[in-house]
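Every number in this text was worked out from the coordinates using simple rules, so none of it is lab data. This structure is a prediction, so every number in the text was calculated from the model and none was measured. Cβ atoms come from the backbone with ideal geometry, glycine included; neighbour counts cover every protein chain shown.
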Amino acid sequence: MALLSLTLMVAPWIVEEPDAAKDAHRNELGVAIVVFLIAITRFMRYPGARSGFLVLAFGAWLAASPWLLGLQ
């Protein structure tokens, strides 16, 4: 989960288009930071069900946000 969130953080530079869709990248970056922090917390403590539901909620937000926010 931590590696995937880091990949999401650097994805625009991997595909060599850092200037395209800045609003969408800010949204992805925010979700990636939260998921990364959840992943680090899961390493330190017992994961529990709440962290799984949080990751699910942020993943659903990441999938639905382009339509809900009108991002291009």
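In percent, what relative contact order does the stretch 2-69 have, based on Cα pairs under 8 Å that are 6 or more apart in sequence?
Reported relative contact order: 36 percent.
With axes computed from alpha carbons, what is the tilt in degrees of helix 48-69 against the longest principal axis of the chain, rounded to the nearest 10 within 0 to 90?
For helix 48-69, the angle is close to 10 degrees.
Determine, for 1, 9, the number of other Cβ atoms within 10 Å of each Cβ, and report the residues in order from fewest to most.
On the way: 1 14, 9 17.
Fewest to most other Cβ atoms nearby, the residues stand as 1, 9.
Once the Cα atoms of helix 2-14 and of the chain are each reduced to a long axis, what angle between those two axes, in degrees from 0 to 90 to the nearest 10, is obtained?
10 degrees
Could you please rank 35, 10, 15, 55, placing first whichever residue has the fewest other Cβ atoms within 10 Å of its Cβ?
Lowest to highest Cβ neighbour count: 15, 10, 55, 35.
Can you give the Rg to Rh ratio for the chain, taking only C-alpha atoms and Rh from Kirkwood?
1.02
Got a sec? How would 38, 14 order by Cβ neighbour count within 10 Å, fewest to most?
The order, fewest Cβ neighbours first, is 14, 38.
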